[in-house]
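Chemist: There's a structure below that I have some questions on.
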Amino acid sequence: MTTLSLFTLPSDSAMMQQDFLFGVATASFQIEGDAANRQTCIWDTFCATPGKIADESDGLIACDHVNRWRDDVALIDSLGVDAYRLSISWGRVLNADGSINPDGMNFYTALLDELVQRGIKVFVTLYHWDLPQHYEDNGGWLNRETAFAFAEYAGIVAKQLGNRVYAYSTLNEPFCSAFLGYEVGIHAPGHKSRKKGRAAAHHLLLAHGLAMEAIRNEAPQAKAGIVLNFSPTYPLTSDESDIQAAKYAHEYHNTWYLMPLMSGRYPDIIDLLQPEERPPIKPGDMEIIQVPMDYLGINYYTRNVYQAGGDLGFIEVRVDNVPRTAMDWEICPGAFTELLKNLSQEFNLPPIYITENGAAEDDELINGVVQDAMRLNYLQSHLLAVHKAIDEGVDIKGYFAWSLMDNFEWAEGYRKRFGLVFVDYNTQERIPKASAKAYQGLLEYRRALGQK
């Protein structure tokens, strides 16, 4: 495996044009810390439950971003990126009674003002999994009223932040909130029920639709959309039963979230669910969910492989002898290109931003340097995968590397590092890795091309 000095793309690639946005991304609970000045959220509760987090850690301090944000903005700027994607902590900007927490709102206002002043476009995610605990105490995403509370919160934030924000995203990865949080229980709040998972997914999508209207009312100049994660599904063999299994898995894990947004209905696999497991759809819901979007955010990390079996017709299987990241996810850039092409052919999608793409590596700081060779090769191959998709007709407007810096990686705690920048959690020192320097080099080269 060779170490790259900088990432490369063809000089005539659409990605090398000045209007294509390159960025980095983070999420509030994963980096902010300063837990004393926000509401308790479901991830605080989950972290405090023994056995839920791999290293028994929590997000109380994380990367201490609330106190170090000015240095972090300077770090972002030094990379030469066009855009920064962050999330708002619902419980930091609002109190439990729904009133604004001035300190929390002022933190984000100052952060955004500094980013805008530096010419960095701001992508704001309104929900990256950190539901205030008092909503969970009343049913969380199983309670339809949470969707309406979310829309009210979205409107308040959009009114306060307004057009400082280039693009608002209602939700990040509702699959993770619903399936991992309510159906299989490996994420907060830790429920294990197919009925709950499908109900949570529906109420999240309803929340998206309601929030879209609120955002457009308060920040009409900003783009508004949603971020979905996709793991393309492949059959283990060419046997027809495995091919069908991959199709079922695609519907259950991928298009379950996209089809309602684009087509106003759930995929056909809904017919295989028991009546009590199906989402609690009320008249008018699908019309609200199907509101047109300005863009779709797509997060991609890996593909999954399936064989026939199980009560819904598919079972995930682990393929041996393939390259993998430290998360044990297969490295498969070709599947990224195929995913982008297939989704664009299957649906009439709005413009796409790749809002997350990256790799966890067992990084080591040696003599002040982190040589993250696997991540370098992962990102290079996936940048080329995006380039190829654009070349073949997919409308992609930007790419965000996940993540700006190492952070709290949910149920994995601090064991997994996704950052372009190494974080020493004892000192909070930030140290750009080789991948950060390669990203920086690509963007410097693109600017030089634009000046010719």
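Chemist: Tell me which residues come under 5 Å, amide H to amide H, from LYS397 once H is placed; ignore anything under 5 positions away on its chain.
Modeler: Amide H to amide H, under 5 Å and 5 or more residues apart or across chains, LYS397 pairs with ILE352, TYR353, ILE354.
Chemist: Under 8 Å for C-alpha pairs, at least 6 residues apart: give me the relative contact order for the range 1-143, rounded to a whole percent.
Modeler: Normalised by residue count, the contact order of the range 1-143 is 29 percent.
Chemist: Beyond a 23 Å Cα-Cα separation, which of these cross-linked pairs lie in this structure: LYS52/LYS416; LYS52/LYS196; LYS192/LYS416; LYS388/LYS416; LYS52/LYS282; LYS159/LYS397?
Modeler: The pairs that break the limit, which is 23 Å between Cα atoms, are LYS192/LYS416; LYS388/LYS416; LYS52/LYS282; LYS159/LYS397.
Chemist: Simple spin-label model, 7 Å along Cα-to-Cβ: ASP328 to THR237 in nm?
Modeler: 2.4
Chemist: Could I ask something else about it? In whole Hz and in residue order, list the ³J(HN,Hα) couplings for the range 183-200 that follow from phi through the Karplus curve 6.51 cos²θ - 1.76 cosθ + 1.60, θ = phi - 60°; x for Gly and Pro.
Modeler: 9, 10, x, 8, 10, 4, x, x, 6, 9, 6, 4, 4, 5, x, 6, 5, 4
Chemist: In nm, what is the difference between 0.36 nm times the number of residues separating ASP77 and GLN244 and their Cα-Cα distance?
Modeler: 55.4 nm
Chemist: A follow-up question, please. Given a 1.4 Å probe and the protein chains all in place, what does the accessible area of ARG318 round to, in Å² to the nearest 10?
Modeler: Per-residue accessible area (ARG318): approximately 140 Å².
Chemist: About its Cα centre, how strong a charge dipole does the chain have in debye, to the nearest 20, once Lys and Arg get +1 and Asp and Glu get -1 at the Cβ?
Modeler: Computed charge dipole of the chain: roughly 780 debye.
Chemist: Roughly to the nearest percent, how much of the accessible area of the range 131-273 is carbon and sulfur, given a 1.4 Å probe?
Modeler: Summing carbon and sulfur atoms, their accessible area is 47 percent of the total for the range 131-273.
Chemist: Hey, another quick one. Once a ≥ b ≥ c are taken as the square roots of the eigenvalues of the Cα gyration tensor of the range 304-379, is the result rounded (a/c under 1.5), prolate (a/b larger than b/c) or oblate (a/b not larger than b/c)?
Modeler: The shape class here is oblate.
Chemist: Taking the Cα centre of the range 64-137 as the origin and placing charges on Cβ (Lys, Arg +1; Asp, Glu -1), which of ASN67, SER99, SER78 is farthest toward the positive end of the dipole?
Modeler: SER78
Chemist: Once the dipole of the chain is set up with Lys and Arg at +1 and Asp and Glu at -1 on Cβ about the Cα centre, which of SER28, ASN348, PHE148 lies farthest towards its positive end?
Modeler: ASN348
Chemist: Around VAL317, with a cut-off of 14 angstrom between Cβ atoms, what is the net charge of the other residues, counting Lys and Arg +1 and Asp and Glu -1?
Modeler: -4
Chemist: Tabulate in residue order the Karplus-calculated ³J(HN,Hα) for the range 208-219, using 6.51 cos²θ - 1.76 cosθ + 1.60 with θ = phi - 60°, rounded to whole Hz; enter x for Gly and Pro.
Modeler: The phi angles translate into 4, x, 5, 5, 4, 5, 5, 5, 5, 5, 9, 9 Hz.
Chemist: Provide MET286, MET405 ordered by accessible surface of protein heavy atoms (probe 1.4 Å), highest first.
Modeler: Output order, biggest surface exposure first: MET286, MET405.
Chemist: If you don't mind, there's one more thing I want to ask. Give me the net charge for the shell around LYS452: Cβ to Cβ below 13 angstrom, other residues only, Lys and Arg +1, Asp and Glu -1.
Modeler: +1
Chemist: Something else now. Does the range 251-325 classify as rounded, prolate or oblate by the C-alpha gyration tensor (a ≥ b ≥ c root eigenvalues; a/c under 1.5 gives rounded; else a/b over b/c gives prolate, otherwise oblate)?
Modeler: The shape class here is oblate.
Chemist: Under a 1.4 angstrom probe, counting protein chains only, how are SER169, SER238 ranked by accessible area, largest first?
Modeler: Result of the area sort, largest leading: SER238, SER169.
Chemist: Turning to a different aspect of this structure: Label the range 100-164 by shape, choosing from rounded, prolate and oblate, from the square roots a ≥ b ≥ c of the eigenvalues of the Cα gyration tensor; if a/c is under 1.5 it is rounded, and otherwise prolate applies when a/b is larger than b/c, oblate when it is not.
Modeler: prolate
Chemist: Longest exposed-loop-site-free stretch of the chain, with GluC sites (Glu not before Pro), DSSP loop and at most 12 other Cβ within 10 Å?
Modeler: Counting at most 12 other Cβ atoms within 10 Å as exposed, the longest clean stretch of the chain is 57-363.
Chemist: At 0.36 nm per residue, and after removing the present C-alpha to C-alpha distance, how many nm does the segment from ALA110 to SER11 gain when stretched out fully?
Modeler: Value of the extension gain: 32.0 nm.
Chemist: What is the extension gain from GLU346 to ARG278, computed as 0.36 nm multiplied by their sequence separation minus the C-alpha to C-alpha distance, in nm to one decimal?
Modeler: Going from the current span to full extension adds 22.1 nm.
Chemist: Tell me the accessible surface of LEU6 in square angstrom (1.4 angstrom probe, heavy atoms of protein chains only), to the nearest ten.
Modeler: Accessible surface of LEU6 is approximately 60 Å².
Chemist: Using a 1.4 angstrom probe with every protein chain in place, what is the largest-first accessible-area order of TYR445, TYR399?
Modeler: TYR445, TYR399
Chemist: Which whole number of Å³ per residue matches the convex hull of the alpha-carbon atoms in the chain?
Modeler: Normalising the Cα hull of the chain by residue number yields 142 Å³.
Chemist: Residue by residue, what Karplus-based ³J(HN,Hα) values in Hz, rounded to whole numbers, does the range 318-324 have, using 6.51, -1.76 and 1.60 with θ = phi - 60° and x for Gly and Pro?
Modeler: 9, 8, 8, 6, 10, x, 9
Chemist: Right, next: What nm distance separates the two modelled labels at LEU449 and SER99, each placed 7 Å from Cα along Cα→Cβ?
Modeler: The two pseudo-label positions are separated by 5.4 nm.
Chemist: Tally Lys and Arg at +1 and Asp and Glu at -1 over the other residues with C-beta under 13 Å from the C-beta of TYR266: what net charge comes out?
Modeler: Around TYR266, the charge tally is -2.
Chemist: At ASP64 and ASP320, where each label point lies 7 Å from the Cα along Cα→Cβ, what is the point-to-point distance in nanometres?
Modeler: Here the modelled spin labels are 4.7 nm apart.
Chemist: May I pose another question? Using Cα pairs under 8 angstrom and six or more residues apart, how large is the relative contact order of the range 380-447, in percent?
Modeler: 18
Chemist: Taking amide H positions as placed 1.01 Å from N in the peptide plane, with prolines and chain starts having none, which residues 5 or more places from TRP402, or on another chain, fall under 5 Å of its amide H?
Modeler: Result for TRP402 returns ASN357, GLY358.
Chemist: Let me ask something else. Enumerate the amide H contacts of CYS41 below 5 Å, restricted to partners 5 or more residues apart or on another chain; note that Pro and chain-start residues carry no placed amide H.
Modeler: GLN133
Chemist: What relative contact order, as a whole-number percentage, does the chain give when Cα pairs under 8 Å and 6 or more residues apart are counted?
Modeler: That works out to 20 percent.
The values are calculated or read from the model by the stated rules, or taken from the named source; none is laboratory data. This structure is a prediction, so every number in the text was calculated from the model and none was measured. Quick reminder, even Gly has a Cβ in these numbers, built from the backbone with ideal geometry, and neighbours come from all protein chains shown. Ligands, DNA and RNA are excluded from the accessible area calculation, which covers all protein heavy atoms including side chains. Shrake-Rupley method; radii C 1.70, N 1.55, O 1.52, S 1.80 Å.
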